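Chemist: The structure is given below, and queries will be raised subsequently.
The values are calculated or read from the model by the stated rules, or taken from the named source; none is laboratory data. Note that this is a predicted model, so its numbers are computed, not measured. Note that each Cβ is placed from the backbone with ideal geometry, even for glycine, and that neighbours are counted across all protein chains shown. In case anyone asks, the SASA skips ligands and DNA or RNA and just uses the protein heavy atoms, side chains included. Shrake-Rupley method; radii C 1.70, N 1.55, O 1.52, S 1.80 Å.
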Amino acid sequence: MSQDSKVKTTESSPPAPSKTRKKLPVLDPSGDYYYWWLNTMVFPVMYNLIIIVCRACFPDLQHGYLLAWFVLDYTSDLLYLLDIIVRFHTGFLEQGILVVDKGRIASRYVRTWSFLLDLASLIPTDAVYVQLGPHIPTLRLNRFLRVPRLFEAFDRTETRTAYPNAFRIAKLMLYIFVVIHWNSCLYFALSRYLGFGRDAWVYPDPARPGFERLRRQYLYSFYFSTLILTTVGDTPLPAREEEYLFMVGDFLLAVMGFATIMGSMSSVIYNMNTADAAFYPDHALVKKYMKLHHVNRRLERRVIDWYQHLQINKKMTNEVAILQHLPERLRAEVAVSVHLSTLSRVQIFQNCEASLLEELVLKLQPQTYSPGEYVCRKGDIGREMYIIREGQLAVVADDGVTQYAVLGAGLYFGEISIINIKGNMSGNRRTANIKSLGYSDLFCLSKEDLREVLSEYPQAQAVMEEKGREILLKLNKLDVNAEAAEIALQEATESRLRNLDQQLDDLQTKFARLLAELESSALKIAYRIERLEWQTREWPIPEDLTEADDESEPGEGTSKDRGGRASQERPSGPE
């Protein structure tokens, strides 16, 4: 076969992916798809939890809607089966990374108790319908084993909802309803076992007009159960042992229920108060402080109005403290999404790097001013700039009444005072009185914060200084001569610093050379001393010393070393 025919055959063959089956994706346990599947599983679990016991205790309910129950039962079973499939395709985190290997996911899932409970909840126990008949719904009680999925769905919803306290209250009410529902079903079943109408405590005889209807049976039982579990009273006295036991059990359950309800409500109220304290400052301490120091009523009223404005309009002044537990990068993203549009409207910050604006956003401090309150006065030293987020500010004369201009949302002022521009005739002092007309929300950016950020962005600092210079030129507040003098002085200072740096480098070089020469001389001297030591060992021994050695007898405390020199031995005894 030729090469061209091979190419044609290859091109005419169907693509390989069309023959392969599409694989189910692996779900992220913290993702949206998994969250919505959990919410879907709430319906079959709640259906089995509520309806099965009701059908078992109210025979008319089971007989009257048998076909509907079959459809709903096996629909819930299908969802249970799909839930197991979803479990086999739900990843897990290992060292912070999502595992998507389906083999590892499956092996991990089958080794958990959840897998055993899921399998037990799907055992086809209702196959006994073939022998005992279809009117025994208690055969499906194993479906209750899937209740942990319900709790998991509630936990996920509580963390995702924007109203967690309201959701906790709704969840508590649902639990109360389920408990009362189960208790009412058991009451009706006990009444049927003891005999309807046998005494005043049990359900009345269905032969009485009105008590034969299914709706009346359930509502009466639910009402009776509610009276018992809420300990309201006004219930007939029990007459038999079974009735006494039922009442005692319900009273114990009511005590536990009251404790749970009170604890849950206390927790919700505490969380709400804690959230309010985190979002809004505590005005009680300030009020007590003002009373202790006898602050005049007018000023006290202004302070109280300011706190009231924050509380009513949901104004937050401590955003930094609220977001402090987030990682720095995530905190920056949250701040950028909220405030970047406001900061980017400032002229001197336009066309700056995105990373610079992100760091500046973290430095913004929200402030709220009351009506008639001065933001700054003429002659004050400018240590920060302001961006108007909401409200109106007026540029007023010294009398505080005459208005020269009105500043609205999106405008800014004081930006020149936080940048050290050479030749600025105002000398970093405020040149106008600015007063809040109503309640105004501002963003404050201090000079220290800007300097800290710009230290890492020298090019952006130069751009900002140039833009500020242009603004001062337009306002005729830039002294060109003073600017030239400052530039010349700065250049001279920088030249001196460079000369000093060069001289310091030269001194360091000379000092290093001296150290090197000293170390070399020390090495040479040490070498010469060692050489002299070796030379002295080769000198001849004088004759008088040799004769003295010969005259001395061995063992009298003298010995000779390798060079033939005599050395005095030290006594071997103790010193």
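Chemist: Can you work out the FRET efficiency for the pair Glu373 and Leu81, with r the C-beta to C-beta distance and R0 = 56 Å, to the nearest 0.05?
Modeler: Taking R0 as 56 Å, the efficiency between Glu373 and Leu81 is 0.25.
Chemist: Same structure again: Taking only the alpha-carbon atoms of segment 38-139, what semi-axes of the equivalent ellipsoid follow from 5 times the gyration tensor eigenvalues under a square root, in whole Å, largest first?
Modeler: Over the Cα atoms of segment 38-139, the ellipsoid semi-axes are 34, 14, 10 Å.
Chemist: What distance in nm lies between label points placed 7 Å from Cα along the C-beta direction at Glu241 and Glu538?
Modeler: Going by the 7 Å Cα→Cβ label model, 12.3 nm.
Chemist: Pulled fully out, how much extra length does the chain show between Thr493 and Glu448, if you take 0.36 nm times their separation in residues and subtract their Cα-Cα distance?
Modeler: Gain in length upon complete extension: 13.8 nm.
Chemist: Further, regarding this structure: Given a Förster distance of 41 angstrom, what is the FRET efficiency for Leu437 paired with Ala162, based on the Cβ-Cβ distance and rounded to 0.05?
Modeler: 0.80
Chemist: Roughly speaking, what is the stretch gain from Leu132 to Ala397, that is 0.36 nm per residue apart minus the C-alpha to C-alpha distance, in nm to one decimal?
Modeler: Full extension from Leu132 to Ala397 adds 85.8 nm.
Chemist: Would you list Tyr187, Tyr457, Tyr33, Tyr65 from the most to the least accessible area, probe 1.4 Å?
Modeler: Tyr33, Tyr65, Tyr457, Tyr187
Chemist: Using only the Cα atoms, work out Rg/Rh for segment 178-299, with Rh taken as the Kirkwood radius, to two decimals.
Modeler: 1.37
Chemist: Between Ser344 and Lys171, with labels modelled 7 Å along Cα→Cβ, what's the label distance in nm to one decimal, could you check?
Modeler: Computed distance between label sites Ser344 and Lys171 equals 3.9 nm.
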